[in-house]
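Just below is one structure, and these are the notes that go with it.
What follows draws every value from the coordinates through simple rules; no lab data is involved. Small disclaimer: the values here were computed from a predicted structure and weren't measured. Note: ideal-geometry Cβ built from the backbone for every residue, glycine included; neighbour counts use all protein chains shown.
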Amino acid sequence: MSFSLYIHLPWCVKKCPYCDFNSHTLRTELPESDYIKALLADLQQEAALVEGRQLHSIFIGGGTPSLFSGAAIQQLLDGVRACFTLTDTTEITLEANPGTVEQQRFLDYRAAGVNRLSIGIQSFSSAALQRIGRIHNGDEALAAVETARTAGFDNVNLDLMYALPQQTLADAVADITQAIALSPSHLSHYQLTLEPNTLFHHQPPPLPSDELAWDMQQTCQAELAANGFIQYEVSAYAQPQRQCAHNRNYWQFGDYLGIGAGAHGKITHADGRVQRYSKQRHPQHYLQTATTAARFATQETVALKDLPFEFMLNLLRLNAGFTAAQFTQSTGLAWSVIEAIINQALADELLELSQQHYRTTARGQQYLNELLTRFMA
Ligand SMILES: C[S@@+](CC[C@H](N)C(=O)[O-])C[C@H]1O[C@@H](n2cnc3c(N)ncnc32)[C@H](O)[C@@H]1O
Ligand code: SF4
């Protein structure tokens, strides 16, 4: 089973009005050194539980990890290398915000071992960016990609959002066309959602209708396909051989450690127990507890009856679908546990079977929630 490490760096220059991630406006000096020490103390305790396992990917996400200096990221990755053997093929991604880009910093990240950058572009239109409260403009979005390239990153993901306030179909397509012209290795294309506990949820901006959002998705998807981007998940597109190993591991129900404020982890133990946990969400609380067991906010063993649903929640997102062998290997359960549900979903044309892979049909994607509930205990 694939195995990953997620590292959460929770601060941002300014909280975006649509964001429900565990990110906090930086109001004082960045406690860089203390936070890296806390992360490494957290990691050392986790590493003891998974001794001997090979890490396939590391994702440094946020928040805005590009607020951290090259030296801090070097110290962090050196600490990871002290616990795990990394190879040339270990994918190491860092999320960067175009409003916090410096050439020297990108060079330092590369030297520290980061080999993939994920840039939060969102849009290339300054007006659209302003409407969603971003700290960067269109020129800075373009410059961030250029800086990444000159710093030696050939593996670059661009995050784009669509169905933005007042956005037209032509605006959304213009963003995708611009992104394609930059030839990134990977593109994530998310529909803006109004999440509870965000400013936009309380004061909703004028958003495109569902029909228009659907048109945007369909048109951009066709544009990406015509330009050689392979869609392998609901929102993820990649050039051949450039799928994101880290996200694929989540979607394949793989195991991962999570360190940092609010980070989640999932570990399958030798006896087959699947354990999930999360760390203290508030950065200050996390800093105070990182060296002890109090760093856990939640810890639970997933009940056997919940495993089929958890597996499907992830695997049904992947265009490649899943095999019966993958199900039994990941969950430790017999295929017979879900066989009747699978057969009914095939009969209802929500799933299709080809070359031993079960995949959602177009109808299955449309009724994904209904399909998923069938796997609930
Ligand atoms: C974990 S966020 C962090 C990325 C980085 N901090 C940034 O915003 O530049 C990863 C991506 O999720 C997407 N995202 C965040 N909030 C969203 C929302 N409410 N609806 C849709 N996509 C969202 C954005 O494209 C963002 O780049
Ligand atoms: S920069 Fe990213 S993580 Fe930070 S508030 Fe904005 S969307 Fe959230």
For this session: Rounded, prolate or oblate: pick one for region 69-142, where a ≥ b ≥ c are the square roots of the eigenvalues of its C-alpha gyration tensor, a/c under 1.5 means rounded, and failing that, prolate if a/b is larger than b/c, else oblate.
Result: prolate
Exercise. What base-10 log of the normalised intensity I(q)/I(0) is obtained for region 203-269 from the Debye formula, alpha carbons as equal point scatterers, at q = 0.13, 0.15, 0.20, 0.24 Å⁻¹?
Worked result: -0.62, -0.75, -0.89, -0.98
Problem set entry | Coil-residue chymotrypsin sites (Phe, Trp or Tyr not before Pro) of region 161-219, DSSP, other Cβ within 10 Å capped at 16 | none
Exercise. Quick one: if the Förster radius is 45 Å, what FRET efficiency do His357 and Glu29 give, using the C-beta to C-beta distance and rounding to 0.05?
Worked result: 0.30
Exercise. Once you put a point 7 Å from the Cα of Leu107 and another 7 Å from the Cα of Glu349, both along the Cβ direction, what distance in nm separates them?
Worked result: 6.0
Problem set entry | For the chain, built as a Gaussian network whose Cα springs stay under 10 Å, the top-fluctuating residue of Ser125, Ser209, Ser57 | Ser209
For this session: Subtract the Cα-Cα distance of Arg276 and Thr292 from 0.36 nm times their separation in residues, and report this length gain in nm to one decimal.
Result: 4.0 nm
Exercise. DSSP H helices in the chain with Cα extent of 15 Å or more along the helix axis and mean Kyte-Doolittle hydropathy at least -1.0?
Worked result: 32-47, 70-83, 138-150, 169-181, 210-226, 336-347
Exercise. Which of the cysteines found in the chain have nothing to pair with, since no other Cys Cβ lies under 4.7 Å from theirs?
Worked result: Cys12, Cys83, Cys220, Cys244
For this session: Would you mind checking region 1-33 for residues with the amide N under 18 Å from a putative spin-label position 7 Å along Cα→C-beta of Gln329?
Result: 1-4
Seminar exercise, completed: Cα pairs beyond 24 Å in region 221-337, in percent, come to 42
Exercise. Using alpha carbons only, what's the Rg to Rh ratio of region 314-377 with Rh from Kirkwood?
Worked result: 0.92
Exercise. Can you give the Rg and Dmax of region 8-58 based on its C-alpha atoms, in angstrom?
Worked result: 14.8, 42
Exercise. How long are the semi-axes of the ellipsoid equivalent to the chain, from square roots of 5 times the Cα gyration tensor eigenvalues, in whole Å, largest first?
Worked result: 31, 29, 20
Problem set entry | Semi-axis lengths (Å, descending) of the ellipsoid that matches the C-alpha gyration tensor of region 17-104 | 25, 15, 14
Problem set entry | Sequence-separation-based contact order of the chain, relative, with Cα cut under 8 Å and 6+ spacing, percent | 16
Exercise. Which value in Å is the Kirkwood Rh of region 143-197 over different Cα pairs?
Worked result: 12.6
